[in-house]
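K.L.:
Here it is, the structure in full.
The values are calculated or read from the model by the stated rules, or taken from the named source; none is laboratory data. Nothing here was measured: the structure is a model prediction, and the numbers come from that model. Ideal geometry is used to build each Cβ from the backbone, glycine not excepted, and the neighbour counts take in all protein chains shown.
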Amino acid sequence: MGSKSSRTKPDIGKSTITIHQEQLLSTEDEWIILGTADSGTSTFYYMIERILRKNRNYSNRDEFNHDLQIVCSLMIKRLWTILEESERNRIIDMIPKSFGPCLENLNDKSNIDDSQISEFDYCGLLMYIWNIPFFRESFETKWNAISPNISENIKDPNIVMNLLILENLEELISRIKSKSEFFPMALSYTSSMGVRDFKYNNILVKNVGGSRSQRKKWINCFNGQSLAILLVSLAELDQYTVEDARTLRMQESKMLLGELINSNFLRRARKIVIFTKPDILIKKLQKGHSINLGNFKMRPEFKDIINKHELKKVVNSIVSHYLDFENEMEFNKIHSFHIVNTTEMEEVNSVLERILDHNSKNTFISPCLLNGNRKPEQFEREMQERLFWKCREQRLSDVEILFNHI
Ligand SMILES: Nc1nc2c(ncn2[C@@H]2O[C@H](COP(=O)(O)OP(=O)(O)O)[C@@H](O)[C@H]2O)c(=O)[nH]1
Ligand SMILES: [Mg+2]
């Protein structure tokens, strides 16, 4: 299916704003991207590396298919871990024999060999499984039960991190269906141990893993950086830390942000806070999750955010919780902040533009939060989701049309 179908040429890049070469050459910079585990630092790093290296499109279809197959195989492996054995067997019985080799690999505990991945059609298999009604019902029920406090339900931190990739399962399916090119790797969790960096012209960009154990090593990475990009997930409102399953992730992120803003190691750095996963926050609010962090004055930047499911209020309270309005001194230590869906290349590009323009404090707000910016496939998915829940709750009724006989 997805991997074999012909895809229209992507228009990423055409509509994106160009970063002028002079902007890059005039700066002698070292950047560092930091955040707690699962805040999106690896994804942001991956996207800005592609943008800065002018690698905004896959150079050929095989390269795209390779990444797509890897991410689809990872998603199926993770799905397998939340299903009961009887459910897995029921699915296996329904799958055409041609997917046999893919299934054999799924039972293998080790990761699938990177060089062989394109020989298997994991994308086709994932789409097949996704279209099995009983699977969808079972997945929705289980995922809705474990995802709010995933680390309380599952004790192995590695499995928790791996399962978080399922947050983007629906998004992956919808992007495959849309048949346009995207970056599958941006939708998957990759374990980032140690320090990664790349250099482009005069800019050296570093990314370090954000789990508690990795954070102990951060001290070795500080090097009088000129820019610190601090990432916070907007979607962690109802989750506990992977490490102890007792501390709320929001508490941990707030504590870390405070430490970084006041850190002597980063005193030279322009500090930019990036709030990620606005799209997942929306999905959570749609499912009825809520949060109350107190009453904060509405920020003028948020005037165009839609207020369905109290989105405007929720975004304002989460951002205010981190940026601490009461304390002007602390707030002034932050140069600017943005809200971005890091899996969307165009959005990251817009943020990068602002980062490169040292004078710009103009907040970027992800279009998914704004009025009139819902993508057609997003709208379709929401309608399907609503219909699905109505069917499950048996709230559908036949419509009867009564004619008046004269
Ligand atoms: N939908 C969505 N997923 C995101 C966003 N940012 C990161 N992710 C996903 O969140 C997961 C963790 O991201 P990652 O970059 O690995 O986090 P890290 O632990 O900080 O390196 C991955 O599955 C990403 O695809 C976002 O803005 N929107
Ligand atoms: Mg990472």
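K.L.:
Working only within the stretch 169-211, note down all residues that are more than 9 Å from ligand 1 (Cβ to nearest atom), within 16 Å of the chain's Cα centre (by Cα) and outside any helix (DSSP H, G or I).
P.N.:
Listed by number, the residues that qualify are PHE182, PHE183.
K.L.:
Find the helices (runs of 4 or more DSSP H) located wholly in the stretch 43-150 whose residues include 2 or more that are within 30 Å of ILE291 (Cβ to Cβ), over 19 Å from the mean Cα position of the chain (by Cα) and β-branched (Val, Ile, Thr), and list them.
P.N.:
Passing ranges, in order: 61-82.
K.L.:
Also, I was wondering about something else. Is it the case that some residue within the stretch 234-241 is outside any helix (DSSP H, G or I), of a type in the set (Val, Ile, Thr) and in contact with an Asp or Glu (Cβ under 7 Å, 6 or more places away or on another chain)?
P.N.:
yes
K.L.:
Going through PHE275, PHE265 one at a time, which residue ends up being in contact with a helix residue (DSSP H, G or I) (Cβ under 6 Å, 6 or more places away or on another chain) and either modelled with pLDDT of 95 or more or within 20 Å of ASN162 (Cα to Cα) (or both)?
P.N.:
Every option except PHE275 fails the conditions.
K.L.:
Same structure, new question: Of the conditions (1) buried (at least 17 other Cβ atoms within 10 Å of the Cβ); (2) under 23 Å from LEU256 (Cβ atoms), PHE331 satisfies every one except a single condition; which number is it?
P.N.:
For PHE331, the failing item is (1).
K.L.:
If you don't mind, another one. Tell me which of these LEU172 doesn't satisfy, since it passes every other one: (1) of a type outside the set (D, E, K, R); (2) surrounded by fewer than 17 Cβ atoms within 10 Å (Cβ to Cβ); (3) away from ligand 2 (no atom under 16 Å from the Cβ); (4) closer than 25 Å to ILE282 by Cα.
P.N.:
Single failed check for LEU172: (2).
K.L.:
Take the residues in the stretch 339-373 that are outside any helix (DSSP H, G or I) and charged (D, E, K, R); name whichever of them is nearest to ligand 1 (Cβ to nearest atom).
P.N.:
Step by step, filter the stretch 339-373, then rank; the result is GLU344.
K.L.:
I've got another one for you. On the given criteria, is GLN69 away from ligand 1 (no atom under 16 Å from the Cβ), at pLDDT 85 or above and not hydrophobic (A, V, I, L, M, F, W, C)?
P.N.:
Here the answer is yes, as GLN69 does meet what is asked.
K.L.:
Let me ask something else. Take the residues in the stretch 41-51 that are in contact with a Leu (Cβ under 9 Å, 6 or more places away or on another chain) and under 12 Å from GLU344 (Cα atoms), then tell me which one is nearest to ligand 1 (Cβ to nearest atom).
P.N.:
Of everything passing the filter in the stretch 41-51, THR43 is nearest to ligand 1 (Cβ to nearest atom).
K.L.:
Also: Identify the residue in the stretch 256-287 that is within 16 Å of ligand 1 (Cβ to nearest atom) and either of a type in the set (Asp, Glu) or part of a loop (DSSP other than H, G, I, E, B) (or both) and, among all such residues, is nearest to the chain's Cα centre (by Cα).
P.N.:
Here the residue is LYS277.
Condition check ((1) crowded, with 18+ Cβ neighbours inside 10 Å; (2) on the phi > 0 side of the Ramachandran plot; (3) not assigned by TED's automatic domain parsing to the domain that holds VAL340) across all residues:
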| site | (1), (2), (3) |
| --- | --- |
| ASN201 | no, yes, no |
| LEU204 | no, no, no |
| ASN207 | yes, no, no |
| SER211 | yes, no, no |
| LYS216 | no, no, no |
| CYS221 | no, no, no |
| ILE229 | yes, no, no |
